[in-house]
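Have a look at the structure below before the remarks.
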Amino acid sequence: MGQVMDTVAVNLTPDSLEYMQFLLDRGAVSGSSTAGTLKINDTIRELVNGLYRVLAGGGRATANITGATMTITINGLGDQKTYDDLVAMEATCTAAINTTNSTFSPNYKLVVEF
């Protein structure tokens, strides 16, 4: 489990906050940080992994829509170390959020959930 992390103040535009809250409200994450179970929602896990591959230099992602099905193809896997670093950073971040929020719960949440 992660350690209670230091927190920083972040200024967001109203539109940025609304966008982030929209993603959270629509299920980008699942579980509860106050219960220590917050994580990327399993329904988008592979999309996030694909995003990490693109960010690791894996090439352009393309989408093909047929009826109600969308297939996403990523041209290459990218740099494995960069991919592994992104996965590790997510795990560290998630653990710290879960630990910090569960430590200070139920009075208030100290950390935004992604």
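Tabulated values for the structure
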| item | result |
| --- | --- |
| Proxy reagent accessibility, fewest Cβ within 10 Å first, across ILE44, ILE65 | ILE65, ILE44 |
| Estimated 222 nm signal from helices in the chain, with DSSP H stretches of n ≥ 4 weighted -39500 (n - 2.57), rounded to 500 | -13500 deg cm²/dmol |
| Order of SER32, SER16, SER102 - criterion: other Cβ atoms within 10 Å of each residue's Cβ, fewest first | SER16, SER32, SER102 |
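All of the numbers you see were taken from the coordinates with simple rules; none came from a lab. All values derive from a computational prediction rather than experimental measurement. Reconstructed Cβ throughout: ideal geometry from the backbone, glycine too, with neighbour counts over all protein chains shown.
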